[in-house]
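S.K.: Please read through the structure below; I'll follow up with questions.
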Amino acid sequence: MSVDVRRVGPEAAAEVLAVVRDAFGARPPLDPPADAMAEDLASVGRMLRRRGGLLATVDGEPVGCVVLDPGPDGMVLRRFGVAPAAQGKGVATALVDAAVDASLGHSAVRVLAREELPDTVAFWEALGFVETGRRSPYVELARWLGTSFDAPEAETMRGLGERLGRTLVAGDLVVLTGELGAGKTTFTQGLGDGLQVRGGVTSPTFVISRVHPSLVGGPDLVHVDAYRLGGLDELDDLDLDTPLESSVTVVEWGAGLAEGLADSRLEVLIERTVGETASADDLDPRRVSLRWVVGQ
């Protein structure tokens, strides 16, 4: 049996709702009842519209799901469920692994479990989650994630960007900071690989911005160099061929300038780890720090 997990949005609301009803409906009666049992097509669609979710299938049949809900303290996993017929077959673990990958840049992944379901609490603990609090009838658990990554060479830098690109969705804003030659463009090239966009990503210094259309029906990549822009008005007035809300926007030199383009943003800081300069014979490693700043 092969489990396939894919990122979904509101277009998959009916499939996610079916899994939620199947999974939560099979649980023992709870008092008060699980909030998930009150979901309908409209409410699930609204939840998926913010950040999307993950849908697990086996032979094309939906068997598991989770809704991704970013907050200031990390990514919260909501409506996590596996259909009874697919339980015990690795679906839940595959969903958790995919959710952790999708939470790159967040400090933690967080869940709520019911006190009356000790086996569920034990499942999360077996996957590295620890109890952080209780608000009866809920148990709060979290798994902390790394937010800083070493990049000893360009290939690692590009690979990290590619990994991040696979997690981004339309409307995301990435603010990229680092000195000249730090590797910002290399990182963005990898991000473009992860998004599967057209055209080689190069520094937009002389044209200020470039748009790279998606090759797979996903969001376009808008790549902006804000070094020579005078303020947010100039950045907001760029004559782009694609709206920012339906694209992923990466702004180099955007700290203190680009934050107003979106309610939330991913801040990427690239720093040299061996001082300002390195000789031609030395490795010139970097450290990449990621931090999601999530609006309320």
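No value in this document is a laboratory result; all are computed from the given coordinates. Here the structure is a predicted model, which means the values were calculated and not measured. Quick reminder, even Gly has a Cβ in these numbers, built from the backbone with ideal geometry, and neighbours come from all protein chains shown.
S.K.: Looking only at the chain, where both bridge partners belong to it, what percent of the DSSP beta bridges are antiparallel (to the nearest 5)?
M.R.: 75
S.K.: Then there's this: Hey, can you rank 1-7, 14-20 by average C-beta count inside 10 Å, highest first? All intermediate terms of the calculation are to be shown ahead of the outcome.
M.R.: Details: 1-7: 14.3, 14-20: 19.7.
With the highest mean Cβ count within 10 Å placed first, the list reads 14-20, 1-7.
S.K.: Could you order peptides 65-72, 22-29 by the average number of other Cβ atoms within 10 Å of their residues, highest first?
M.R.: Packing order, densest peptide first, comes out as 65-72, 22-29.
S.K.: Same structure, new question: List the residues, sorted by chain then number, that are 5 or more residues from Thr132 or on another chain and whose placed amide H is less than 5 Å from its amide H.
M.R.: Glu140, Leu141, Ala142
S.K.: Shifting gears a bit: What's the magnitude of the charge dipole for the chain around its Cα centre, counting Lys and Arg as +1 and Asp and Glu as -1 at the beta-carbon? Answer in Debye, nearest 20.
M.R.: On the way: 28 positive and 45 negative charges, 127 e Å.
Result for the chain is approximately 600 debye, rounded to the nearest 20.
S.K.: Then there's this: Search the structure for amide H atoms under 5 Å from the amide H of Ser209, placed 1.01 Å from N in the peptide plane, and list their residues when 5 or more places away or on another chain.
M.R.: Correct list: Asp225.
S.K.: Whole-Hz Karplus ³J(HN,Hα) for the range 50-57, in order, using 6.51 cos²θ - 1.76 cosθ + 1.60 and θ = phi - 60°, x for Gly and Pro?
M.R.: 6, 9, x, x, 10, 10, 9, 10
S.K.: Provide the per-residue ³J(HN,Hα) series for the range 38-46, in order, calculated from phi with Karplus coefficients 6.51, -1.76, 1.60 and θ = phi - 60°, each as a whole number of Hz, with x at glycine and proline positions.
M.R.: Listing the rounded values in order: 9, 5, 9, 4, 5, 5, 5, x, 5 Hz.
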